Amino acid sequence: MVQISPSILSADFARLAEEAERVGGADGADWLHVDVMDNHFVPNLTLGVPVVEALSKATGTPLDCHLMIEEPDRWAPQFVEAGAGSVTFHAEAAAAPVRLAREIRAKGARASMALKPATPIEPYEDLLPELDMLLVMTVEPGFGGQAFLDIMLPKIRRTRQLIDRHGLQMWLQVDGGVSAETIERCAEAGADVFVAGSAVYGTDDPAAAVRALRHQASDAAARAGTR
């Protein structure tokens with residue numbers, strides 16, 4: 001099932017509660033993607049646990065927290081406690097990814113692992129059963145508005161093949177440069193959860209943009225027979 005997760009990194013930070021509602025409602029966003037950056041793992045600083053806690057109380061849309069931070073083993077559980085429904089940590093930063101994924105799940109959230117563009121999926125094949133979602137970054141993490149990296153499409157395909165080979169029900173998310181021009185290629189390659197920032201919040205009607213992107217991805221996946 002195709003899901004759309006608009007990134008609040010592209011929203012108006014002075015009006016986050018209102019921005020969350022702009023993509024909510026019937027047939028609205030499936031998730032609200034929250035980019036957490038610490039200015040260490042990536043060269044940017046965004047928001048943390050207090051904002052996630054406030055957002056979780058202000059919207060009915062579940063929060064999908066992407067932790068682009070050092071020491072996720074230490075900090076990730078706090079985001080679950082703050083109200084996140086899904087927490088993604090980076091493979092490159094986690095000291096004990098299996099233990100961390102199990103802790104996130106034990107606290108009641110979906111556990112997800114992200115891979116930067118240069119990080120291959122194959123070394124992590126045995127970890128897949130411990131995860132609810134795998135995020136393939138389609139730009140270098142750290143800043144919104146970057147151009148989609150087409151060279152990530154083969155990696156998305158290989159990841160989908162590994163998931164299917166093991167008979168797993170986990171989701172495959174893509175994040176970075178996802179738009180009306182790129183989402184169909186991602187869906188055809190096997191992705192089913194799409195993070196979109198400016199392609200949603202850069203429009204006059206973000207809710208309509210969510211619906212249009214979902215429709216495009218669903219049609220592309222059906223044509224390709226990937227989902």
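The values are calculated or read from the model by the stated rules, or taken from the named source; none is laboratory data. Note that the coordinates shown come from a computational prediction; the quantities given were computed from them, not determined experimentally. Neighbour counts are summed over all protein chains in view; Cβ atoms, including those assigned to glycine, are modelled from backbone coordinates with ideal geometry.
Key figures for this structure:
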read-out: Check on residue 85, in contact with a strand residue (DSSP E or B) (Cβ under 7 Å, 6 or more places away or on another chain), surrounded by fewer than 18 Cβ atoms within 10 Å (Cβ to Cβ) and at pLDDT 95 or above; value: yes
read-out: Residue among 178, 200, 174, 210 that is under 12 Å from residue 4 (Cβ atoms), in contact with a helix residue (DSSP H, G or I) (Cβ under 7 Å, 6 or more places away or on another chain) and part of a loop (DSSP other than H, G, I, E, B); value: 178
read-out: Options 30, 35: the member that is among the acidic types (Asp, Glu), crowded, with 17+ Cβ neighbours inside 10 Å and touching a Gly at 6+ places or on another chain (Cβ under 9 Å); value: 35
read-out: Every pair of residues 6+ apart whose Cβ atoms lie under 8 Å, when the first sits in segment 99-119 and is without any contact (Cβ under 8 Å) to a residue 60 or more places away in the chain and farther than 19 Å from residue 173 by Cα while the second is of a type in the set (Asp, Glu) and surrounded by fewer than 16 Cβ atoms within 10 Å (Cβ to Cβ); value: 107/81
read-out: Condition check for residue 193: of a type in the set (Val, Ile, Thr), under 23 Å from residue 117 (Cβ atoms) and either modelled with pLDDT of 95 or more or surrounded by 17 or more Cβ atoms within 10 Å (Cβ to Cβ) (or both); value: yes
read-out: Scan of segment 152-181 for residues that are charged (D, E, K, R), within 12 Å of residue 134 (Cβ to Cβ) and without any contact (Cβ under 8 Å) to a residue 60 or more places away in the chain, ordered by number; value: 155, 158
read-out: Meets criteria (among the small types (Gly, Ala, Ser), crowded, with 20+ Cβ neighbours inside 10 Å, part of a helix (DSSP H, G or I) and touching a residue at least 24 places away in the same chain (Cβ under 8 Å)) for residue 187; value: yes
read-out: Number of positions in segment 106-153 that are within 18 Å of residue 182 (Cα to Cα), in contact with a strand residue (DSSP E or B) (Cβ under 9 Å, 6 or more places away or on another chain) and among the β-branched types (Val, Ile, Thr); value: 3
read-out: Residue list for segment 66-91, filter: aromatic (Phe, Trp, Tyr) and in contact with a helix residue (DSSP H, G or I) (Cβ under 7 Å, 6 or more places away or on another chain); value: 79, 89
read-out: Residues of segment 29-53 that turn out to be outside any loop (DSSP other than H, G, I, E, B), touching a residue at least 12 places away in the same chain (Cβ under 8 Å) and among the hydrophobic types (A, V, I, L, M, F, W, C), as a count; value: 7
read-out: Lone unmet requirement of (1) of a type in the set (Phe, Trp, Tyr); (2) modelled with pLDDT under 95; (3) crowded, with 19+ Cβ neighbours inside 10 Å for residue 143; value: (3)
read-out: Breaking point among (1) within 21 Å of residue 116 (Cα to Cα); (2) without any contact (Cβ under 8 Å) to a residue 40 or more places away in the chain, for residue 26; value: (1)
read-out: Unique residue being crowded, with 21+ Cβ neighbours inside 10 Å, in contact with a helix residue (DSSP H, G or I) (Cβ under 7 Å, 6 or more places away or on another chain) and within 21 Å of residue 142 (Cα to Cα) when the list is 16, 100, 63, 9; value: 63
read-out: Residue satisfying all of: in segment 70-121; among the aromatic types (Phe, Trp, Tyr) and assigned to a helix (DSSP H, G or I); farthest from the chain's Cα centre (by Cα) among these; value: 75
